[in-house]
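Trainee: Okay, here's the structure, questions in a sec.
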């Protein structure tokens, strides 16, 4: 099989033609039969528009949503990675107390629907925690340099509390899956590696740091990358608590313009492009790791 | 050594538990001022709303425009504070008000006895009514509201809106399908999968003008009349009194009527949207 050039056979052509006909028929059904009045010309102005007053190009509604989605995903990923790593180490720890803590967290989060979790977190938990650390009051400060930085990294000051609520809820949710990925990675390393490093007089932390983790990392990377991409897609769920990310902006736009399909298709394409770019980057990174691992 | 760590752990846990337990108390102490007082101190009036053409919607530049937006902006102006709009999903807007995500709902909310048990309403500042628009394909020949009150008739409406209440009351025999957004409800009828959509005037009429070959109006005007008020949290008489008198003041000026005519009777604003 290896090295054999692929040849196009009659079966391939028939299959290809079948798929082609099905796609064309679906498109025909969607456009002509449904008698939907398409209005694609209206879409570009929601992506990017020329501001009449300043004469500069500014992001439209949809692009603003993309920026929020990206910020949200990045924060949620960083937090989830921290939570996941700590909990993953807890789950593989020698201490029974820590193992129970890790297991409790994973089982609690994994067994509730994410939508319900986000609602509960926003209305009950977030509501009690954020005022306690003084965030909601601090965010009504006047426009200073700090509010500019906040605006760039998170959201405009008035929206920071809800943004934090959303990012933390998402991070806690994704963290449970990352915990399991990290646990599986560490446990997949042969027991002999622990014993050998222990025999060399390494402490447990040194064993993890120098022997186990470098090996586990290569096995952790692919599913972890998948989880990161999942986070971007899952961030659409926080639209239910009215964070103005891509999905929410799209829905608002549909409510105002009634351009249902144009807006949904645009949003679909944007999510696809973002996730595809991330996938390709991860693929590159995996190749790099493989090269590094090869003995010189 | 062992005992010391254990004691430390118990101590940390105790501190954590008591801090968390103390938070609701601290918050209750915070909220003793009336909402109006808090707004003045903060310098910002936070208004909960949801997109509903032509009450509130975003224009091309992402700025909010609409009847409610005008009302809330003027209200904040008269209070001497800045206004901040908090776009919220309609289905979650009352829980968001009750948990203090914003100070007041100015979003075309119909005053319903059932809603009034959960929140306080101001005196009505506007009246709206439910109107119905039907699919030419599905409901050909049906006129009058009674024609739709039959088993096998599907009515689309927005989840959690008074359209659902009106549809259940006037069309008890029809099947009601609920959608999160108005656009989805109208799309269902345009696609010919539901017989008609019930929605606040004037959107049904506007949609019938936009899709003349697909939609028609089975009745002229509206079949209900609903008072619209601001919604605030319960137990705050000062705020209610302020808002009620503000409504009386701007109504006497004729300003409310003038704004209403602009958004509901004319379509001068349409070019700002698309």
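Just so you know, all these numbers are worked out from the coordinates, no wet-lab data involved. In this text, all values refer to a predicted model and were calculated from it rather than measured experimentally. Note that we place each Cβ from the backbone using ideal geometry, even for glycine, and neighbour counts take in every protein chain shown.
Trainee: Of the residues A:171, A:236, A:76, which exhibits the maximal mean-square fluctuation in a Gaussian network model of chain A defined by a 10 Å Cα contact cut-off?
Mentor: Per the Cα network of chain A with a 10 Å cutoff, A:236 tops the list.
Trainee: Using a 10 Å cut-off on Cβ to Cβ distances, tally the other chain neighbours for every residue of B:180-187 and report the average as a whole number.
Mentor: Working: counts 3, 7, 4, 10, 5, 0, 2, 6.
Mean shielding count: 5.
Trainee: Quick check for you: which residues of the stretch A:208-234 have the amide N under 14 Å from the point 7 Å beyond the Cα of residue A:188 toward its beta carbon?
Mentor: A:213-227
Trainee: If one computes the Cα centroid of the stretch A:191-211 and of the stretch B:134-202, what distance in Å separates the two points?
Mentor: Their Cα centres are 69 Å away from one another.
Trainee: Rounded if a/c is under 1.5, else prolate if a/b is larger than b/c, else oblate: which is the protein assembly as shown, with a ≥ b ≥ c the root eigenvalues of its Cα gyration tensor?
Mentor: Working: a/c = 2.20, a/b = 1.35, b/c = 1.63.
Because a/c hits 1.5 or more and a/b fails to exceed b/c, the protein assembly as shown counts as oblate.
Trainee: If you don't mind, another one. In a Gaussian network model over chain B where Cα atoms closer than 10 Å are linked, find which of B:95, B:54, B:87 has the largest mean-square fluctuation.
Mentor: B:95
Trainee: Now for a different question. Calculate for chain B the 222 nm mean residue ellipticity that helices alone would give, adding -39,500 (n - 2.57) per DSSP H run of length 4 or more and normalising by residue count, nearest 500 deg cm²/dmol. Don't skip to the answer; put the middle values down first.
Mentor: Working: 10 runs with 113 residues, N = 274.
It comes out at -12500 deg cm²/dmol, rounded to the nearest 500.
Trainee: Could you list, bin by bin from short to long, the percent of Cα-Cα pairs of the stretch B:130-216 in 5 Å steps?
Mentor: In whole percents, the pair-distance histogram is 3, 18, 31, 29, 17, 3.
Trainee: I would also like to ask the following. If I fit a long axis through the Cα atoms of helix B:67-79 and take the longest principal axis of the Cα atoms of chain B, what angle between them do I get, 0 to 90°, rounded to 10?
Mentor: Here the helix axis deviates by roughly 40 degrees.
Trainee: Would you work out if the stretch A:211-280 is rounded, prolate or oblate? Take a ≥ b ≥ c from the square roots of the eigenvalues of the alpha-carbon gyration tensor; rounded if a/c is under 1.5, else prolate when a/b is larger than b/c, oblate otherwise. Walk me through the numbers on the way to the answer.
Mentor: Values: a/c = 5.96, a/b = 2.61, b/c = 2.29.
Because a/c hits 1.5 or more and a/b exceeds b/c, the stretch A:211-280 counts as prolate.
Trainee: Compare B:114, B:161, B:200 in a GNM of chain B, Cα atoms joined below 10 Å, and give the one with the largest fluctuation.
Mentor: Most flexible of the set in this elastic network: B:114.
Trainee: Relative to the first principal axis of the alpha-carbon coordinates of chain B, what is the inclination of helix B:237-253, with its axis defined by its Cα atoms, in degrees from 0 to 90 and to the nearest 10?
Mentor: Helix B:237-253 and the main axis of chain B meet at about 40 degrees.
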